[in-house]
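Reviewing the structure listed below.
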Amino acid sequence: MRELRLGLYQGDIQDLNLLKSNEVRAKYNFTLSVNVGSTNFIPPDMYAIHFPMKDSGKIEDNDWGQVLELVRLVVNEVLVGGKVLVTCDVGLNRSVIFAAMVISVVDGIPMDDKLMQTVKVAIDPAHDLWEFAKQVLRLGFPLNHI
């Protein structure tokens, strides 16, 4: 698990499983857990969402309108001082890309190569998931409204 910016952490299913422990939950004090992986797990007794994203290379495999709504929810949580953990199964693509979308909105920066390097996304820069997320974000959050 790693902190990508104040209030936003990113990890994998193992990090999500750590939240089963009351001690770990107390240590991190997350106000929201978002699992965008395919493993259907959310930690008990905390505000948590499971919204599986697909990393298939097929843009139509994801409901991007709902992804944007979830981005809005996480952005709002971070902006009010919340602490959010975003995970997927392996922690290399889906959760990283989703977290990058949140960072782009919160910090008012584009999803460009610099952000891709900052969040350390594992995919090739031309990969459909990053590129389409960038386009959807641009339409859903125009830079003059950030």
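The values are calculated or read from the model by the stated rules, or taken from the named source; none is laboratory data. The structure presented is a predicted model; accordingly, all values stated were derived computationally and were not measured. Glycine gets a Cβ as well: all are built from the backbone with ideal geometry, and neighbour counts include every protein chain shown. Surface areas here come from the heavy atoms of the whole protein model, side chains and all, with no ligands, DNA or RNA. Shrake-Rupley method; radii C 1.70, N 1.55, O 1.52, S 1.80 Å.
Look at the stretch 18-40: where a residue is within 17 Å of Gly82 (Cβ to Cβ) and in a helix (DSSP H, G or I) and a partner is open to solvent by 50 Å² or more (accessible area, probe 1.4 Å) and modelled with pLDDT under 90, sitting 6+ places away or on another chain with Cβ atoms under 9 Å, you get Arg25/Asp45.
Set side by side, the residues Ala26, Ala99, Ala48 differ, and just one is surrounded by fewer than 15 Cβ atoms within 10 Å (Cβ to Cβ) and under 20 Å from Gly7 (Cα atoms), which is Ala26. For Val80, state whether it is buried (at least 24 other Cβ atoms within 10 Å of the Cβ) and not polar (S, T, N, Q). No. Contact map, the stretch 99-119: first residue in contact (Cβ under 8 Å) with a residue 12 or more places away in the chain, second residue hydroxyl-bearing (Ser, Thr, Tyr), Cβ cut-off under 6 Å, separation 6 or more or different chains; pairs are Met111/Ser104.
For the stretch 41-60, the tally of residues that are over 19 Å from Val121 (Cα atoms) and not in a strand (DSSP E or B) stands at 9. None of Ser33, Ser104 is open to solvent by less than 60 Å² (accessible area, probe 1.4 Å), of a type in the set (S, T, N, Q) and under 22 Å from Arg138 (Cβ atoms) except Ser104. Arg5 satisfies every condition listed in (1) open to solvent by less than 40 Å² (accessible area, probe 1.4 Å); (2) under 23 Å from Met116 (Cβ atoms) except (1). Those residues that are assigned to a helix (DSSP H, G or I), acidic (Asp, Glu) and modelled with pLDDT under 90, I need them from the stretch 96-140; list them, please. Of everything in the stretch 96-140, those that are assigned to a helix (DSSP H, G or I), acidic (Asp, Glu) and modelled with pLDDT under 90 turn out to be Asp113, Asp128, Glu131. Considering only residues that are modelled with pLDDT of 95 or more, of a type in the set (Val, Ile, Thr) and either out of contact with any strand residue (DSSP E or B) (no Cβ under 6 Å at 6 or more places or on another chain) or outside any helix (DSSP H, G or I) (or both), which ones fall in the stretch 78-95? Scanning the stretch 78-95 gives Val80, Val84, Val86, Thr87. Among the residues examined, Leu70 qualifies as open to solvent by 10 Å² or more (accessible area, probe 1.4 Å), out of contact with any His (no Cβ under 8 Å at 6 or more places or on another chain) and hydrophobic (A, V, I, L, M, F, W, C).
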